[in-house]
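The values are calculated or read from the model by the stated rules, or taken from the named source; none is laboratory data. Just so you know, these numbers come straight off a predicted model, no measurement behind them. Because the Cβ atoms are built from the backbone with ideal geometry, glycine has one as well, and the counts that use them run over all protein chains shown.
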Amino acid sequence: MELARCGFMTRYFFDYRPSDSEAAIDETGHELESLDAARAMAFAALGDAAFDKGRDAHEFRLTIDIREGSEVVGTATVTISTT
Amino acid sequence: MHQRLIARLQAVSGLAQEELAVLNALPHTVRSLDDRESILKEGDGAFNCVVLISGFLYRRKIVGDRNQILSLHVPGDIPDLMTLYLPTMDHDLISVGQSVVGTVPHAALRAMFDRQPSLVHTFWRETLIDAAIFRHWVGNLGALDALHRVAQLFCELAVRLEFVGLLNRGSFAFPLTQADIGSACGLSTVHTNRTLQALRRRGLLEWRGEMVTLPNRGALEALADFNADYLQRSSKSA
């Protein structure tokens, strides 16, 4: 994080952990300036995933693990469900 | 120098001998562009059209705070042909990766049409196909999920590159980034990455460095529910 504050980029990986299929581990990642930027990227991805799944009319939950190297540094989750 | 343009017009419209001669004599200046170099920006007035000789161009508009890639262009395309009648740009025209264009003055195009009026129909047809591609993209962006949008994009590029002889056993040079694919498909970068991974896992896409291979185009087109009629594949001038 010290490096990121000095203007260096950090490579964040975004692993998809969906409720209806196996996890998709990100092998390429994205160079970003901060964890906040990574969270924003994860939010946008959740929106896209919800759009894809919403039209299937299935209940669905997706967690995206934000990973730095082997360490998960944040998570973001979307749930589509009815009651 | 207009080899790709001629290949494209032959593939989608057909050209008579005298049309070929006039096209070959079309005056132009060759210009090399770097990655992300703009040819025209929104608001610019254009006095020339560019024929893409090698590389890729895209048309881009900043909508709200997002970059939207409106169209991708392959060699043989004239992505600013409309400036002949609508000279003020309502979007940007940008090179992605290094590209080479032939710059043709509007006056030279008009002189060519005066000399060979049948080419007016050929070039009109080009603008109609351009519009058909836009309609197809609007439909895809409004109606398809991420996997189908991205699959459709690669199906379309393969056909357009094939027209101009740049598809080599399902492979082609492709200098775009994953973020560019996202900008063209209206998807976040992370979800684009995930979608490309899904296509790779199905054995439908290989992307190494700046080379893309579609190992099984038939299966990719089937998955995408792709129909190339709008690109006028195999049809000759009506």
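Against the numbered list (1) free of Cβ contacts under 8 Å to residues at least 24 places away in the same chain; (2) touching a strand residue (DSSP E or B) at 6+ places or on another chain (Cβ under 8 Å), B:Thr29 comes up short only at (1).
A quick yes/no check of all residues on (1) more than 19 Å from B:Phe56 (Cα to Cα); (2) surrounded by 14 or more Cβ atoms within 10 Å (Cβ to Cβ):
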| site | (1), (2) |
| --- | --- |
| B:Asp114 | yes, no |
| B:Thr122 | yes, yes |
| B:Arg125 | yes, yes |
| B:Ile133 | no, yes |
| B:Ala143 | yes, no |
| B:Gly165 | no, yes |
| B:Pro175 | no, yes |
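Looking across segment A:18-45 at every residue that is touching a Lys or Arg at 6+ places or on another chain (Cβ under 7 Å) and either part of a loop (DSSP other than H, G, I, E, B) or more than 9 Å from every other protein chain (Cβ to nearest Cβ) (or both), the one that is farthest from A:Ile80 (Cα to Cα) is identified as A:Glu31. Against the test of being surrounded by 14 or more Cβ atoms within 10 Å (Cβ to Cβ), outside any strand (DSSP E or B) and not small (Gly, Ala, Ser), the options A:Asp48, A:Asp15 yield a single qualifying residue, A:Asp48. A single entry from B:Gln197, B:Gln152 fulfils the requirement of being without any contact (Cβ under 8 Å) to a residue 40 or more places away in the chain and not acidic (Asp, Glu): B:Gln197. Criterion first (touching a Cys at 6+ places or on another chain (Cβ under 6 Å) and either away from chain A (no Cβ under 14 Å) or modelled with pLDDT of 95 or more (or both)) does B:Phe226 satisfy it? Yes. Screening A:Thr83 against (1) away from chain B (no Cβ under 13 Å); (2) within 15 Å of A:Ser21 (Cα to Cα); (3) out of contact with any strand residue (DSSP E or B) (no Cβ under 8 Å at 6 or more places or on another chain); (4) not aromatic (Phe, Trp, Tyr) leaves a single unmet condition, (2). Note on segment B:150-238: enclosed helices (runs of 4 or more DSSP H) holding 3 or more residues that are over 21 Å from B:Asp77 (Cβ atoms) and polar (S, T, N, Q) are B:189-201.
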